[in-house]
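What follows is a short report on a single structure.
The values are calculated or read from the model by the stated rules, or taken from the named source; none is laboratory data. In this text, all values refer to a predicted model and were calculated from it rather than measured experimentally. So basically every Cβ, Gly included, is an ideal-geometry build from the backbone, and we count neighbours across all protein chains shown. Please note that ligands, DNA and RNA were not included when accessible areas were found on the heavy atoms of the full protein model with its side chains. Shrake-Rupley method; radii C 1.70, N 1.55, O 1.52, S 1.80 Å.
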Amino acid sequence: MAKIIRTQRVKRARSLAKKSAKKANSTPGTAKRSLKAKSLKAQKPWTPAEIREAFERFSRANPEPKGELEHLNPFTLLVAVVLSAQATDAGVNKATRTLFQLADTPQKMLALGEERLRDYIRTIGLYRTKAKNVIALSQKLIDDFSGEVPRTRTEIESLPGAGRKTANVVLNMAYGENTLAVDTHVFRVANRTGLAPGKTPLEVELGLEKVIPAEFMLHAHHWLILHGRYTCLARKPRCEVCLINDLCRWPEKTV
Ligand code: SF4
């Protein structure tokens, strides 16, 4: 009799253990499913109508957005962009205000020389390398491009210190081309909102070019930069005052 009771107890204990194990296993699965649903929602592509609506709002709020890097001509713009790598626009402006009064052409920059140039820009990060590049690019502009900043991406990218981002900014701001430079702000906004998710700046750039209507392309770069710099901040986005908070796909937005 005692043996029968013991067997029944063991059976009951095993069945309870099975049930609780099943329950325990089901929780992470459910959480995983809901997380997946959340991220799928985050990646749901915008419709063309939503994208148009977003850019119409940017356009109404700021019809002629301007970049914040101070410059006097295409050459000083090129130099300012080269100096701005891993530096803030405000920091670059502080250094270039005096510099550009003295050297606003490749010829004047060469006359100034690398050593004196270094003195003007020593408050900017990586100033030694940047000074070297600015002198080398000034020389190349004189040797290969008659002292003018060229108008094609490949030619601009051939200049020392200038990459794809520099070429896109110069083509857009100096020559009115529909190029879209992806900096840290544009990269964050495009990914966070779901507008053009991508793992690299190039992927984001090509994604944005694909979805932004042509009539908004000229100013898209500045609208997105300014949005990232002043509203969709990296650490604490200001979703409550964001123009596109109803369209944004970010699951962690605060409105
Ligand atoms: S709602 Fe928030 S996260 Fe989305 S774009 Fe606006 S500021 Fe950025």
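For the set HIS221, HIS71, solvent exposure ranked by accessible area (probe 1.4 Å, protein chains only) runs largest to smallest as HIS71, HIS221. Computed with every protein chain present, the accessible area of CYS239 is close to 10 Å² [probe 1.4 Å]. Stretching GLU114 away from GLU252 to a fully extended chain increases their span by 44.9 nm, per 0.36 nm per residue minus the current alpha-carbon distance. State, as an integer percentage, the relative contact order of segment 58-120 based on alpha-carbon contacts under 8 Å between residues 6 or more apart. Computed over segment 58-120, the figure is 30 percent.
Could you sort out which of LYS44/LYS253; LYS132/LYS210; LYS66/LYS253; LYS108/LYS132 sit more than 25 Å apart by Cα distance in this structure? In this structure, LYS132/LYS210; LYS66/LYS253 lie more than 25 Å apart at Cα. Distance between the pseudo-spin-label points of VAL211 and ASP144 (7 Å out from Cα toward the beta carbon): 3.6 nm. The equivalent ellipsoid that matches the C-alpha gyration tensor of segment 73-190 spans semi-axes of 21, 18, 11 angstrom, in descending order. Legend: calculated FRET efficiency, LYS236 to THR123, from the Cβ-Cβ distance at R0 = 25 Å, rounded to 0.05, equals 0.35. Between TYR175, VAL186, SER158, the Cα set farthest toward the positive side of the dipole of segment 137-188 (charges on each charged residue's Cβ, about the Cα centre) is that of VAL186.
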